Structure formats: C-alpha cells, structure tokens
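Okay, so here's the structure we're looking at.
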Amino acid sequence: MLKKNHLFLTVSMAVLAGGATQALAGGFALREQSAYFQGMSFAGNAVGGDSISSMFWNPATLTNTIGLVSESHHTLIVPNSEITPDASVATAAFGPSGDLANDAWIPASYTGYQIDENWYLGLSINTPFGLSTKSGPNWSGQIYARTSEVFSVNVTPTVAYKFNDMLSVGLGMQFQYFDVRLTSATGVAPGSATAGLTGDDIGYGFTAGVTLTPMKGTEIGIGYRSAVFHELDGVFSAAGTDLGITAKMATPDMVTLSAKQRITDSFRIMGTVEWTNWSRLKEPAVVLDNGVQLRTLPFNYDDSWFFALGGEYDWNQDLTLRAGVAYEMSPIDEDIRSLRLPDSDRVWLSAGLSYKPMENLSLDLGYTYIFSADDVRVNIGPSHQDYAGLTYTGDVDSSVNIVSAAVRYTW
C-alpha cells in the first residue's frame with residue numbers, strides 16, 4: 001500500500017510540475033508599476049519624467065526628485081482568458097475552462113529624497129511578479145491545471161548620484177518575497193482529486209542605471225534589474241499525504257532602454273525597448289527533502305522583447321495628456337504553451353493624463369487595452385513538455401483591460 005501511495009504521489013507530482021512551468025515564468029512579469037507610464041504603454045519608463053516611479057526600471061531617474069516626494073500607485077487588472085478544446089479532444093465533453101483569469105489589484109509606492117544637489121535616496125515597494133488563474137472544479141484540461149497563484153513583493157532601497165545636468169547614476173538593492181501555489185487534478189474524470197504544490201522564499205538582487213542628457217531636449221536612460229535567486233521550500237500534497245520539497249529557480253533579469261525627445265515646449269515623444277532574460281530559467285529540479293529528484297521543470301523559454309512608442313502633450317500648466325502603443329513578444333510559443341497561462345505576443349493600446357489640483361499635488365490616470373497579436377492555440381501532445389497522457393488541443397481567447405491611478409505629493 002505504501003508503494004502504491006508513493007507511486008500515486010510521484011505520478012501526481014510529475015503531472016503538476018509539468019503544468020507548473022508556465023505559472024512560474026512566461027508572460028506574467030507585472031509591468032504595471034506606474035499609472036504615469038501606463039498612459040503611454042510604458043514608453044519612456046527608463047528615462048523618467050515628473051513621476052519618480054521610473055526608478056523601478058532605472059534607479060538613476062531618482063535624481064528627478066525635488067525635495068521629498070511620495071507616490072502611491074494602484075492598478076486594477078481585468079483579464080479574460082478562456083480555453084476551448086477541439087472536438088477531437090477525449091475530454092472535450094467536460095467543457096471549456098471558463099474565464100481562467102482572476103482580476104487583480106497591483107499596488108506600488110515610491111519615496112524619493114534629495115539630500116543635496118548631488119545625492120538622492122529612494123525606496124520603492126512593488127509586486128513585480130504575479131498570477132491568479134482558476135478554472136471550474138471540472139473541465140476538459142483539469143489534469144494540466146486547476147489553480148495557479150503567484151505572489152511577490154519587492155522592497156528596494158535606492159541611492160542615486162547626479163554628476164551634472166548631463167549624467168546621473170543609480171543603484172538599488174532588491175529584497176524579494178516569492179510565493180507559489182499550484183493545483184491540478186490527478187485524473188481526467190469529473191470529481192478527480194486535486195494535487196497541490198506550495199512554496200515560498202526570500203531572495204536578493206539589485207538594480208542599476210544611468211541617465212544621459214547629450215543635448216537640451218534629448219534624454220536617454222538605461223536600467224537593469226538583476227535576477228533574484230530563490231530556493232523555494234514547500235509541500236506537495238495529494239491523497240492526504242504531504243511531502244516536503246525544494247526547487248531552485250531565478251526570476252529573469254531585465255534591461256530597459258528609453259529615450260525622450262522634446263518636440264515643442266508642450267509636446268514630447270518617448271520610446272522604450274526592453275529585453276527580459278527568460279531563457280535563464282532553463283530546467284530547474286524539484287527535489288524531495290530526502291534528496292530524491294522527482295523531475296526537472298522544462299521551462300525552455302525564449303528571451304522576450306517589448307517595444308513601446310508614446311507621447312505626452314501639456315494641454316495647460318495643470319493638465320497633461322498621454323497616449324502610447326506597444327508590441328510585446330512573449331517567451332512562449334505553441335511548442336511549449338500550457339493551460340495555466342496560455343501566453344502569446346500581444347498589442348498594447350494606452351491613454352492617460354496627469355492633473356495638478358494643487359502646486360504640490362498631482363493625480364495620474366492610465367488605461368490600457370491588450371489583445372493577442374495572432375490566433376492563439378494550445379497543442380499538447382506526446383512531444384510536448386507538459387504531456388501527461390492526454391492530448392489536448394484548442395483555441396485560446398484572451399484580452400486584458402487595465403486601469404491605473406496614482407497620487408504624487410511633494411512635501
């Protein structure tokens with residue numbers, strides 16, 4: 001009986017871990033860290049502006065601080081994602097996933113303090129990675145995914161130095177809490193038991209950046225967010241039995257390059273190119289506390305790219321209008337796309353504004369609509385890294401609405 005239960009747990013773990021790769025990586029790094037830049041699809045986010053929220057991407061932009069500044073940003077993400085199986089799928093009669101994606105609120109806060117004309121201190125608190133998807137209790141793809149939850153918090157103290165009006169540098173230290181919860185069914189039939197995996201850890205990394213002003217009206221910024229390495233300690237639960245596990249993984253590092261050009265005294269255009277090193281995840285191992293390796297998690301993602309172009313116009317001294325468009329290249333394609341988060345290349349359309357009701361108080365609003373650039377399919381078969389004995393093909397219908405708001409106050 002003990003051997004039978006151990007075999008059941010091992011098989012269940014293999015099924016769950018095979019589906020877990022997507023929930024720990026591709027396509028859900030949370031870019032939504034600023035209502036100010038949300039309105040331009042994050043064009044210019046590493047070069048800065050009136051908002052010091054750009055320090056998330058480039059700590060050197062902290063030198064835009066005048067005196068003591070506090071900012072509170074809040075973003076509501078309303079995604080929709082439904083997977084509909086092809087009629088040929090053996091479990092198609094059990095139905096589509098329903099709306100897998102849960103709404104989410106993403107907070108972020110920033111504080112900057114100008115010590116003197118050269119030195120600046122800052123502190124940011126962010127949620128750089130997150131995911132919340134949940135299907136109905138019984139659906140055609142339940143053996144691959146039922147629930148996926150990822151939660152993170154970054155606290156980043158930052159210091160920046162302004163050499164002169166042309167050059168600034170910045171450096172920050174990341175303290176990151178990372179938590180994961182994943183569940184899948186242990187069988188394809190309705191009412192099948194659930195296997196669950198949980199784990200968390202605190203890891204460390206850094207941020208660094210430079211801003212350049214080569215000529216009046218032209219600004220360039222480049223920022224780097226390092227990988228954060230985690231050793232997740234947790235539990236795998238199934239059939240009333242808990243097994244302690246560990247899994248070493250790293251969040252991807254990221255490089256952001258932005259430019260801003262003033263066209264007139266009232267109009268500016270911005271651009272951003274961002275590279276994210278998803279391929280560093282490779283195939284981390286899931287290991288039992290007794291040292292036995294259950295399996296590896298075959299992420300095998302490509303690196304991703306993000307391109308954004310936007311602009312802002314000062315309607316008057318109190319009101320600034322913004323708009324932007326972006327193209328996001330996912331690290332996931334049909335060869336490795338799973339059912340936990342069926343990510344794809346996406347198009348961003350954004351608009352926003354800032355309003356100053358008082359000299360030292362500003363309000364930011366941003367809105368973005370995101371949709372898939374192409375028709376999206378899942379194609380899980382014997383050659384797929386997530387294959388657990390059920391061939392699953394189908395269509396994915398997904399889109400995202402995002403609304404952001406922020407308060408900026410200069411003390």
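The values are calculated or read from the model by the stated rules, or taken from the named source; none is laboratory data. Remember, predicted model here, so these are calculated numbers, not experimental data. Here the Cβ is made from the backbone with ideal geometry for all residues, glycine too, and neighbour counts use every protein chain on show. These accessible areas exclude ligands, DNA and RNA; they are computed on the full protein's heavy atoms, side chains included. Shrake-Rupley method; radii C 1.70, N 1.55, O 1.52, S 1.80 Å.
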Contour minus Cα-Cα distance for His74 and Tyr177 (0.36 nm per residue): 35.1 nm
Stokes-Einstein diffusion coefficient of the stretch 35-138, Kirkwood radius over Cα pairs, 37 °C, 0.692 mPa s, in µm²/s: 197
Quick one: Debye curve from the alpha-carbon atoms of the stretch 191-343 only, equal weights, vacuum; give me log10 I(q)/I(0) at q = 0.14, 0.21 Å⁻¹ to two decimals. -0.88, -1.34
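Leaving out ligands and nucleic acids, note down the accessible area per residue over the stretch 243-323 with a 1.4 angstrom probe, in whole Å².
Solvent-accessible surface per residue comes out at 48 Å².
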Of the listed values [x] 69, 48, 46; [y] 73, 65, 64; [z] 73, 43, 32, identify the label whose number matches Cα extents along the principal axes in Å calculated from this model. [z]
Name the residue from Pro137, Gly324, Leu353 whose Cα lies farthest towards the positive end of the charge dipole of the chain, charges +1 on Cβ of Lys and Arg and -1 on Cβ of Asp and Glu. Pro137
As a test of the formula, what do you get for the chain when each DSSP H run with n ≥ 4 contributes -39,500 (n - 2.57) and the sum is divided by the residue count, at 222 nm and rounded to the nearest 500 deg cm²/dmol? -2000 deg cm²/dmol
Within the stretch 106-262: Cβ-based charge dipole about Cα centre, in debye rounded to nearest 20 (Lys, Arg +1; Asp, Glu -1): 500
Place a point 7 Å from Cα of Asp242 in the direction of its Cβ. Which residues in the stretch 176-214 have their backbone N less than 14 Å from it? 196-200
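Ignoring ligands, DNA and RNA, what percent of the accessible area of the stretch 195-284 is carbon or sulfur (1.4 Å)? Before the final figure, lay out the partial values.
Numbers: 2470 of 4060 Å².
Carbon and sulfur atoms account for 61 percent of the accessible area of the stretch 195-284.
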Accessible area per residue of the stretch 98-197 at 1.4 Å probe, in Å²? 41
Counting only protein heavy atoms and a 1.4 Å probe, tell me what percentage of the stretch 334-411's accessible area is made up of carbon and sulfur. 55
For Ala189 and Trp275, FRET efficiency with R0 = 30 Å and r from the beta-carbon atoms, rounded to 0.05? 0.10
per DSSP, antiparallel bridges as share of beta bridges in the stretch 207-280, % nearest 5, sits at 100
How far is it, in nm, from the label point at Asp302 to the one at Val407 when both lie 7 Å from their Cα along the line to the Cβ? 4.4
Mind pulling the angle between the C-alpha long axis of helix 2-23 and the longest principal axis of the chain? Nearest 10 degrees, somewhere in 0 to 90. 30
Surface accessible to a 1.4 Å probe, His384 within the full protein complex, Å²: 10
Rh_Kirkwood(the stretch 137-248) over Cα pairs, Å, one decimal, evaluates to 17.5
Ranked from the most accessible area to the least, with a 1.4 Å probe and all protein chains present, what is the order of Met166, Met55? Met166, Met55
Descending accessible area (1.4 Å probe), largest on the left, turns Met254, Met40, Met358 into Met358, Met254, Met40
On each of the three principal axes of the Cα atoms of the stretch 209-292, give max minus min coordinate, whole Å, ordered largest first. 67, 21, 16
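Which pairs break 24 Å Cα to Cα here: Lys162/Lys260; Lys162/Lys216; Lys260/Lys356?
Beyond 24 Å: nothing from the list.
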Over the residues of the stretch 146-202, compute the C-alpha Rg and express it relative to 2.2 N^0.38 Å. 2.08
For the stretch 379-411 and the stretch 276-297, compute the distance between their C-alpha centroids and round to whole Å. 22
Rounded to a whole number, what % of the accessible area of the stretch 36-122 do carbon and sulfur atoms account for, probe 1.4 Å? 59
Is there a quick way to get the dipole size of the chain? I mean about its Cα centre, with the Cβ of Lys and Arg at +1 and of Asp and Glu at -1; what is the value in debye to the nearest 20? 480
Roughly what would the spin-label model give for Leu288 and Asn379, points 7 Å off Cα along C-beta, in nm? 3.7
Apply the Karplus parameterisation 6.51 cos²θ - 1.76 cosθ + 1.60, with θ equal to phi minus 60°, to every residue of the stretch 273-282 and state each ³J(HN,Hα) to the nearest whole Hz, in sequence, with x for glycine and proline. 10, 10, 10, 10, 8, 5, 5, 5, 5, 6
